[in-house]
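Rule-based calculations on the coordinates, nothing more; no lab input. Just so you know, these numbers come straight off a predicted model, no measurement behind them. All Cβ positions, glycine included, derive from the backbone under ideal geometry; neighbour counts span all protein chains shown.
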Amino acid sequence: MLKELEELKTKAVSELDGIDNLGDLEKWRVRYLGRKGSLTTVLRGLGTLSVEERRTVGAVANELKATLESGLQQKQEALKTQNLVDTIEQTRIDVTLPGYPVSIGRLHPTTRTLREVCSVFSSMGFQVVEGPEVEWDYYNFEALNIPQDHPARDMWATFWVDTEGAGRSRLLRTHTSPMQIRLMEKTRPPVRAVVPGKVYRYEATDATHEFMFYQVEGLAVDKGITMGDLKGTLFEFARRLFGAERKARFRCDYFPFVEPGVEMAIDCFVCQGAGCRLCSNTGWIEILGAGMVHPDVLRRVDYDPDVYTGFAFGMGVERIPLLKYGIDDIRLFYSNDLRFLKQF
Ligand code: FA5
């Protein structure tokens, strides 16, 4: 039996030496010191020996048990320390390496333009307000003198939210003009406000047309407002935004909710008015529609048109950076190409 214990010691100690991870160490513990382990079995068998033998073998076996337990504990501590060292080694950071450059964000050219436009009008005494993008047919069309089946509806190809069967009462607003009605419903004159926001049109895109773009609506209503106020305000706006050398032009246009109606255009910065792809060979780029608020629109919101008059305008925001920075295709704004966006 003593020989058997000697062999067990040699085997256990040599196996313990070769162990390099906590999983194998646990298996080793179970093998020798576990409930059914080799040494435990020897200890249980002591009862079958004579008193004399039991004394000698018992002493050796207990000594072996103490040796193995202390070996186990030392190995456990050594492996845990090693694990910690490995983790530190793996996660070590070389603080002397150069850092990653932090790329600094910037404003999208549309956002920048919206802010510039709003700040020009704020400095002229206009409030800045916002309105819903999903709009009722009533505000987008009906209240603006464009009833069902009116041919002017064709001017605004529409994304409907409700289906035809459900009555088609909701849509993605095709312009910011519905906010004229919402504003006047809520306030009494004098009104002076601009409304920046997204609008949607169900139409094919080209160098100057997107299906989603931004507009800024303007509205001023008070006693004695004239077409001269409209022209003065918009020409001053163009001078501040584009500089004194850019030419601006007013021409008659038709919008059912103004009378008379006009469009304002700026001379094309690419061809200086000679005609090119960007300006469709006209030499001018239209940036807004405008006019004097129609008396019927005023009546609809309980403003007396014999007392109050007003002007309104709606401008395409992307057309402004197109003109200012010499961009020749509006679709570049929303194609998410960083090479384009990083230039601003
Ligand atoms: C309107 O949307 C009227 N609500 C403007 C208005 C307001 C008139 C108040 C009178 C009084 P129009 O559809 O022309 O009008 O659009 C106004 C401007 O939006 C245009 O001058 C143009 O600059 C811009 N625009 C129109 N369609 C597009 C498009 N598909 N992509 C980019 N910009 C556009």
Can you tell me how much longer the chain between Asp86 and Arg106 gets when fully stretched, taken as 0.36 nm per residue apart minus their C-alpha distance, in nm with one decimal? 2.9 nm
³J(HN,Hα) computed for each position of region 6-12 - Karplus, 6.51 cos²θ - 1.76 cosθ + 1.60, integer Hz, glycine/proline x: 4, 5, 4, 5, 4, 5, 4
Nitroxide proxy distance, nm - points 7 Å out along Cα→Cβ at Ala78 and Phe235: 9.5
Name the most mobile residue of Leu16, Leu234, Leu322, meaning the one with the largest mean-square fluctuation, in a Gaussian network model of the chain with Cα contacts below 10 Å. Leu16
Name all residues of region 42-66 having a backbone nitrogen under 17 Å from the label point set 7 Å from the Cα of Thr10 along its Cα→Cβ direction, giving them as ranges. 64
Counting pairs of alpha carbon atoms under 8 Å apart in space and at least six apart in sequence, what relative contact order in percent does region 18-70 give? 24
Contour excess over end-to-end distance, with Cα ends at Arg55 and Lys186 and 0.36 nm allotted per residue: 36.6 nm
MRE, 222 nm, helices only [DSSP H, n ≥ 4, -39500 (n - 2.57), over the chain, to nearest 500]: -12500 deg cm²/dmol
Give me the Kirkwood hydrodynamic radius of the chain in Å, from all C-alpha pairs, to one decimal place? 26.9
Mean separation of Cα contacts under 8 Å (6+ apart) over length of the chain, as relative contact order %: 14
Quick check on region 35-117: take the gyration tensor over C-alpha atoms, sort the square-rooted eigenvalues as a ≥ b ≥ c, and tell me if it's rounded (a/c under 1.5), prolate or oblate. prolate
Sequence-separation-based contact order of region 131-246, relative, with Cα cut under 8 Å and 6+ spacing, percent: 23
Please give the FRET efficiency for Ala244 paired with Met124, using the beta carbon to beta carbon distance and R0 = 22 Å, rounded to the nearest 0.05. 0.80
If I build a Gaussian network model for the chain, linking alpha-carbon pairs within less than 10 angstrom, which residue out of Gly291, Gly224, Gly18 has the largest mean-square fluctuation? Gly18
Just to verify a number: FRET efficiency for Leu25 and Lys342, C-beta to C-beta distance, R0 = 56 Å, to 0.05? 0.45
Given the Cα-Cα distance of Tyr254 and Met227 and 0.36 nm per residue of separation, how much length would full extension add, in nm? 8.2 nm
Exposed loop GluC sites (Glu not before Pro) only (DSSP loop, at most 16 other Cβ atoms within 10 Å): please give the longest stretch of the chain free of them, not including the sites. 1-129
Distance cut-off 19 Å, Cα to Cα: go down the list Lys9/Lys65; Lys198/Lys231; Lys36/Lys75; Lys27/Lys65 and report the pairs above it. Lys198/Lys231; Lys36/Lys75
Counting trypsin sites (Lys or Arg not before Pro) as exposed when in a DSSP loop with at most 16 other beta carbons within 10 Å, what is the longest stretch of the chain free of them? 278-341
Least to most buried among Thr91, Thr187, by other C-beta atoms within 10 Å and fewest first, runs Thr91, Thr187
Folded to 0 to 90 degrees: helix 51-90 orientation relative to the chain principal axis, Cα: 20
